[in-house]
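Below is one structure; the comments refer to it alone.
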Amino acid sequence: MNKIIRILTLSLFGILSTALLKAQTSWKGTVSTSWNIAANWTAGIPTSTSDVFIGNASFTGAFQPTVNASSSCNSVTIGGMVITTLTLSRNLVVSGNFIINTNATVIHGASTLTVRGNWINNGTYTTTSSSAKVIFGGTAQIISGTSTTSFRKIDVNTGSVLSLAVNIVATGN
């Protein structure tokens with residue numbers, strides 16, 4: 001009986017530890033447009049384990065976010081309670097889903113966005129550079145949403161399976 005209790009305790013500890021490692025941070029936008037300034041976020045600059053929310057109730061400032069330094073995070077949700085525009089001017093790696101809500105806009109400049117989860121576009125995605133590239137690098141991914149996405153450059157990594165639940169447009173390579 002003690003062995004079972006010990007196993008259950010260790011299992012619960014493992015589950016809770018994993019949940020705690022998945023941090024979340026929300027954009028406040030109270031200091032500047034810079035992604036890499038901790039004071040713009042509720043829980044500091046996003047890391048590779050952070051779930052990022054841009055446009056929830058925490059967005060009380062006047063500044064829309066710009067990825068101005070190469071960065072990574074676990075997932076990104078843009079839009080929600082606040083009309084939001086995310087500008088990508090440097091590379092961003094997203095290990096999970098990339099979600100653009102109905103009141104959100106993504107402006108993608110000369111940078112690379114790598115997504116390893118699903119792409120859900122219910123808002124607006126715009127490229128402003130012929131160098132704007134999206135890499136799908138997961139194992140099984142879906143592009144979906146209510147809005148058609150027009151990619152400039154799109155890569156699907158070897159070994160990845162990308163399914164289309166909506167039409168897309170590719171205007172470059």
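When the residues of the stretch 150-167 are filtered to those that are of a type outside the set (Ser, Thr, Tyr) and under 16 Å from Leu88 (Cα atoms), the one that is surrounded by the fewest Cβ atoms within 10 Å (Cβ to Cβ) is Lys153.
Count of the stretch 126-149 residues, restricted to those that are open to solvent by 50 Å² or more (accessible area, probe 1.4 Å), assigned to a strand (DSSP E or B) and either within 13 Å of Leu113 (Cβ to Cβ) or small (Gly, Ala, Ser) (or both), is 3.
Is it the case that some residue within the stretch 69-86 is surrounded by fewer than 18 Cβ atoms within 10 Å (Cβ to Cβ), hydroxyl-bearing (Ser, Thr, Tyr) and farther than 26 Å from Lys133 by Cβ? Within the stretch 69-86, not a single residue is surrounded by fewer than 18 Cβ atoms within 10 Å (Cβ to Cβ), hydroxyl-bearing (Ser, Thr, Tyr) and farther than 26 Å from Lys133 by Cβ. Restricting attention to the stretch 38-68, the residues that are open to solvent by 30 Å² or more (accessible area, probe 1.4 Å) and of a type in the set (Gly, Ala, Ser) total 7. Filtering the stretch 98-114 to residues that are assigned to a strand (DSSP E or B) and either open to solvent by 10 Å² or more (accessible area, probe 1.4 Å) or under 19 Å from Leu162 (Cβ atoms) (or both) leaves Phe98, Ile99, Ile100, Thr105, Val106, Ile107, His108, Thr112, Leu113, Thr114. With respect to Lys3, is the statement that it is among the charged types (D, E, K, R), open to solvent by 40 Å² or more (accessible area, probe 1.4 Å) and either farther than 29 Å from Ser89 by Cβ or modelled with pLDDT under 95 (or both) true? Yes; evaluated as a whole, the condition is true for this residue. Just one of the listed residues (Gly117, Gly44) is within 21 Å of Ala23 (Cβ to Cβ), part of a loop (DSSP other than H, G, I, E, B) and either over 15 Å from the mean Cα position of the chain (by Cα) or of a type in the set (Phe, Trp, Tyr) (or both), namely Gly44. I'd like to know if the stretch 138-148 contains one or more residues that are more than 22 Å from Thr171 (Cβ to Cβ) and under 15 Å from the mean Cα position of the chain (by Cα). Yes, there is a match, as at least one residue in the stretch 138-148 is more than 22 Å from Thr171 (Cβ to Cβ) and under 15 Å from the mean Cα position of the chain (by Cα). For first residues located in the stretch 147-173 and within 17 Å of Asn97 (Cα to Cα), partners that are part of a strand (DSSP E or B) and of a type in the set (Lys, Arg) and lie 6+ apart or on another chain with Cβ distances below 7 Å form the pairs Asp155/Lys133.
The values are calculated or read from the model by the stated rules, or taken from the named source; none is laboratory data. All values derive from a computational prediction rather than experimental measurement. Note that we place each Cβ from the backbone using ideal geometry, even for glycine, and neighbour counts take in every protein chain shown. Accessible surface is based on the protein model in full, side chains and every heavy atom, while ligands, DNA and RNA are left aside. Shrake-Rupley method; radii C 1.70, N 1.55, O 1.52, S 1.80 Å.
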